[in-house]
Amino acid sequence: YPQFSFSDELDMIMKHSQRYGVEPELLMAIRMSEDGVPGREYGILAGEERYRHDEGYIMDGQFHLYNSEVEKQICWAASTISRNIERYNTNPNGQRDLIDFIADRWAPIGAENDPQNLNVNWEPNVRHWYDKLKSN
């Protein structure tokens, strides 16, 4: 993936996208679009108690501590994508496609935590990067 700017995250992206059954390109597209500050690389809001107390994940029947905050963001992002895929497949609500469906939940336009209305760019940016990454 030569267009992906965060090559040091690729192994973690591949591992956790496989764990959750999501396309790595979608996870990478979200990373490229969010490009968040440390602790928000994937746009996951780290303020809630459940996130703060999460120390690791279970894989192959064993508990693993997160190696970094970035890995934690990747896990939470992959889990969020997976849950939204389930919701979309159950009831797409007339959405154009999965990215549009996820955008309405991940970065709702007009949300109170988006006073500068930056969320309007989320869906087109994710779609742009997703299409670019899929073309490899």
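The values are calculated or read from the model by the stated rules, or taken from the named source; none is laboratory data. None of the values given here were measured: they were computed from a predicted structure. Using ideal geometry, Cβ is built from the backbone for each residue, glycine included, and neighbour counts are taken over all protein chains shown. Side chains included, ligands, DNA and RNA excluded: accessible areas come from the protein's heavy atoms. Shrake-Rupley method; radii C 1.70, N 1.55, O 1.52, S 1.80 Å.
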Quiz prompt | Conditions (1) in a helix (DSSP H, G or I); (2) of a type outside the set (S, T, N, Q); (3) crowded, with 18+ Cβ neighbours inside 10 Å: number failed by G43 | solution = (1)
Quiz item: Filtering segment 81-99 down to residues that are assigned to a helix (DSSP H, G or I) and among the basic types (K, R), which residue is nearest to the chain's Cα centre (by Cα)?
Solution: R83
Quiz item: Looking only at residues in segment 46-60 that are open to solvent by less than 40 Å² (accessible area, probe 1.4 Å) and outside any strand (DSSP E or B), which one is modelled with the highest pLDDT?
Solution: D54
Quiz item: Out of all the residues in segment 20-67, which are farther than 27 Å from L133 by Cβ and among the basic types (K, R)?
Solution: R50, R52
Quiz item: What number of residues within segment 61-70 satisfy the criterion of being touching a residue at least 40 places away in the same chain (Cβ under 8 Å) and either part of a loop (DSSP other than H, G, I, E, B) or in contact with a strand residue (DSSP E or B) (Cβ under 9 Å, 6 or more places away or on another chain) (or both)?
Solution: 1
Exercise. Test I74 against the criterion of being crowded, with 16+ Cβ neighbours inside 10 Å and at pLDDT below 90, and give yes or no.
Key: no
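The rows are residues; the columns are (1) open to solvent by 90 Å² or more (accessible area, probe 1.4 Å); (2) under 16 Å from the mean Cα position of the chain (by Cα).
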site: F101; (1), (2): no, yes
site: R105; (1), (2): yes, yes
site: N117; (1), (2): no, no
site: V120; (1), (2): no, no
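Is there a residue in segment 70-90 that is touching a His at 6+ places or on another chain (Cβ under 7 Å) and of a type in the set (A, V, I, L, M)?
So far as segment 70-90 goes, yes, one or more of its residues are touching a His at 6+ places or on another chain (Cβ under 7 Å) and of a type in the set (A, V, I, L, M).
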Practice problem: Looking only at segment 11-40, count how many residues are in a helix (DSSP H, G or I), of a type in the set (A, V, I, L, M, F, W, C) and either within 25 Å of G61 (Cβ to Cβ) or modelled with pLDDT under 95 (or both). | Solution: 4
